[in-house]
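To start, the structure itself, in structure tokens.
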Amino acid sequence: MKGEIAIQREHPTPASEPVDTLSATRPFLRVQGLKKYFRLRGGSFGLAGAYVQAVDGVSFVVATGETLGVVGESGCGKSTTARLLMRLIEPDEGQITLQDRNVGGHNGMSLRTLRRQVQLVFQDSYASLNPRHTMAEEVGFGLIAQGIKRAEARRRANEVLELVGLEPAIFADRYPHELSGGQRQRVNVARALALSPQLLLLDEAVSSLDKSVEAQVLNLLIEIKNRLNLTYVFISHDLNVVRFISDRVLVMYLGKVVETGPVEKVYTAPGHPYTRALIASRLSMDPSRRVEAAPVAGDLPSPINPPSGCRFRTRCPFAESVCSLREPPLEAFGDDPAHSAACHALIPGSGHSRAPAPGGEPSTRANGAPK
Ligand SMILES: Nc1ncnc2c1ncn2[C@@H]1O[C@H](COP(=O)(O)OP(=O)(O)O)[C@@H](O)[C@H]1O
Ligand code: SF4
Ligand SMILES: [Mg+2]
């Protein structure tokens, strides 16, 4: 599969220590049991008062300096997770810890501190930049809002514009309509970097760009991360892009994490039937199919009334009765303790006919997947 990735790194990642998040005693970010249900207010289908289970018990850690990729079909809860991490919306349940400090709550980290340390970059669109702001104003805006003097904000804006490859002498006084999509997205990245955050949440940050521009922006993101020692959470529906940039990956389905592990493990030996279907679909290889082609047979169930037990069971070729009765826990399987999936067929003694015998050898599971 590696050879199928068309993007080439301009600046190979410097040899870095492999990140073993299980042994990382002080992850940069720790998320535990994050949950967000949206209450529907109106609608003509009698759904008022019903809840969309957008994010339902999501837990993960991000080690300092790593890139965690988050992948899954449209609507699986990726953006809601990002908005919860930024506290743009309040979680119903769950805990977010940044460098050992709780975010929010009575004695927790303030939102002001959180947003200095964590910044969000969205998909490029005209709406992401104020049409009446020059690029220097746009990038400096957040700094001035933080009380920094105008001249200093301008100096810093020029500095970060340069960092993202936009020569200030040419670009600082331009308006959004004078820039290409790739240049606008560089400005979005510069704006996020202006406050010197340590973690960038990149939500579909390259998804609207042409392939060649996408590769340039991805390489820029890698270069900036290495230069500034940043940590990334990189959210995308595009499997190839996630594989290219990530150290570890988190696969989401209908508000739940279904698989997580080192990126090469997950891509070469996926355990969860959903991950295997996603990878087999090669969703993003053909740009004309890239946007939202369904990678898995069958309709995506409604997040208002998701299936009982395993949420993937209505589309899973291996579904059995245990799958509707009990929700499978996210558990390590195979030969890498950092590689986990939530599937009864992988859990010894789960009652699924494909499950390995309790105490059985991991090698009895072909390719770490349900047989
Ligand atoms: N403010 C909202 N009110 C109601 N439902 C929402 C709201 N925001 C998101 N959702 C729903 O939550 C689910 C997850 O959405 P989202 O996090 O945007 O998914 P993704 O980013 O993976 O495409 C979807 O079903 C979406 O329609
Ligand atoms: S738990 Fe059952 S339905 Fe869910 S992915 Fe595994 S085999 Fe399929
Ligand atoms: Mg989204």
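So the values come out like this:
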item: Condition met for Gly49 (of a type outside the set (S, T, N, Q), part of a strand (DSSP E or B) and surrounded by fewer than 17 Cβ atoms within 10 Å (Cβ to Cβ)); result: no
item: Residue, nearest to ligand 2 (Cβ to nearest atom), within region 52-94, restricted to residues that are charged (D, E, K, R) and part of a helix (DSSP H, G or I); result: Lys78
item: Out of Val160, Val164, sole residue that is buried (at least 20 other Cβ atoms within 10 Å of the Cβ), in contact (Cβ under 8 Å) with a residue 60 or more places away in the chain, in contact with a helix residue (DSSP H, G or I) (Cβ under 7 Å, 6 or more places away or on another chain) and over 21 Å from Ser79 (Cα atoms); result: Val164
item: Positions within region 122-148 being under 22 Å from Leu221 (Cα atoms), touching an Asp or Glu at 6+ places or on another chain (Cβ under 8 Å) and modelled with pLDDT under 95, in sequence order; result: Phe122, Gln123, Leu129, Leu143
item: Residue in region 84-102 that is within 16 Å of ligand 3 (Cβ to nearest atom) and either basic (Lys, Arg) or at pLDDT below 90 (or both) present; result: no
item: Near pairs, Cβ below 9 angstrom, 6+ apart or cross-chain, from region 298-317 (outside any loop (DSSP other than H, G, I, E, B)) to any residue that is among the aliphatic types (A, V, I, L, M) and more than 8 Å from ligand 2 (Cβ to nearest atom); result: Arg315/Ala277; Arg315/Val296; Arg315/Ala297; Arg315/Leu300
item: Among (1) within 18 Å of Glu214 (Cα to Cα); (2) among the hydrophobic types (A, V, I, L, M, F, W, C); (3) in contact with a strand residue (DSSP E or B) (Cβ under 8 Å, 6 or more places away or on another chain), the one test that Val118 misses; result: (1)
item: Leading residue by the ranking (farthest from the chain's Cα centre (by Cα)) among those in region 140-152 that are free of Cβ contacts under 8 Å to residues at least 40 places away in the same chain and surrounded by 15 or more Cβ atoms within 10 Å (Cβ to Cβ); result: Ile148
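The values are calculated or read from the model by the stated rules, or taken from the named source; none is laboratory data. This is a predicted model, so every value here is computed, not measured. Please note: Cβ atoms are built from the backbone with ideal geometry, for glycine as well, and neighbour counts cover all protein chains shown.
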